[in-house]
Structures are given as structure tokens and as C-alpha cells.
1. Mind putting a number on the dipole of the chain about its Cα centre? Charges go on the C-beta only, +1 for Lys and Arg and -1 for Asp and Glu, and I need it in Debye to the nearest 20.
2. Positive end of the dipole of region 4-69, charges at C-beta (+1 Lys, Arg; -1 Asp, Glu), about the Cα centre: which of 45, 59, 17 has its Cα farthest in that direction?
3. Do any trypsin sites (Lys or Arg not before Pro) in region 12-47 lie in a loop, going by DSSP, with at most 12 other beta-carbon atoms within 10 Å of their beta carbon, and if so which?
4. Which GluC sites (Glu not before Pro) does the chain hold that lie in a coil by DSSP with at most 13 other beta carbons within 10 Å?
5. Can you give the direction-averaged projected area of the convex hull of the alpha-carbon atoms in region 1-49, in nm²?
6. How large is ³J(HN,Hα), in whole Hz, for each residue of region 52-67 in order, when computed from phi with the Karplus curve 6.51 cos²θ - 1.76 cosθ + 1.60 and θ = phi - 60°, using x for Gly and Pro?
7. Suppose a student asked you for the relative contact order of the chain, using Cα pairs under 8 Å spaced at least 6 residues apart; what percent would you report?
8. Could you pull out every residue, at least 5 positions away or on a different chain, whose amide H is within less than 5 Å of the one on residue 26? Hs are placed 1.01 Å off N in the peptide plane, and Pro or chain starts have none.
Amino acid sequence: MAEIIPGGYNDKNCEKNSAKYHTGKKCIEHNCNNPAGTAWSPYWCVDCNIKRIDNITEQFKAIQRKFVK
Ligand SMILES: [Zn+2]
């Protein structure tokens, strides 16, 4: 689990994760019916957007580890 960044993508109380950014569509993630739209992307809901960015961050860390030897 990534640390919660205040005002960041994984801060669920942040204004950037509020209904203000909802597009009126549903999240594009399969089997997810949450309202889509955050300040980071119009396609994912808050929860899926957090998972998505956490995964990307993990992939970058893995790449970094390969180069820092
Ligand atoms: Zn979702």
C-alpha cells in the first residue's frame, strides 16, 4: 500500500477526487459501476484510479531497481 499523499491521487477526501470531476459516465474498469472522473482522469473512478497509479508506480520502482545495482 502506498502512503496517502494529502491532496494527492490517493487522498479520497481531496477535492480532486470529489464529485466535481464526475463525468456522468461509469468507470471503464470491468465490473465497476462507480461514477467515473477524477482530476487525474475522466475514465476511472476514485478507487480504480488509485489502484491504477499504484500499479504504475510499482512498475517504475521495479525498473529503477534494475538500474540501481
Ligand atoms: Zn472503478
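1. 260 debye
2. 59
3. Passing sites in region 12-47 are 12, 25.
4. 3
5. 3.3 nm²
6. Calculated HN-Hα couplings, in order: 4, 5, 4, 5, 4, 4, 4, 5, 5, 5, 5, 5, 4, 4, 5, 8 Hz.
7. About 22 percent, as a whole number.
8. Those lying under 5 Å, H to H, from residue 26 are 36.
Read-outs: derived from the displayed coordinates by stated rules, not from any lab. The structure displayed is predicted, hence computed values, not measured ones. Note that we place each Cβ from the backbone using ideal geometry, even for glycine, and neighbour counts take in every protein chain shown.
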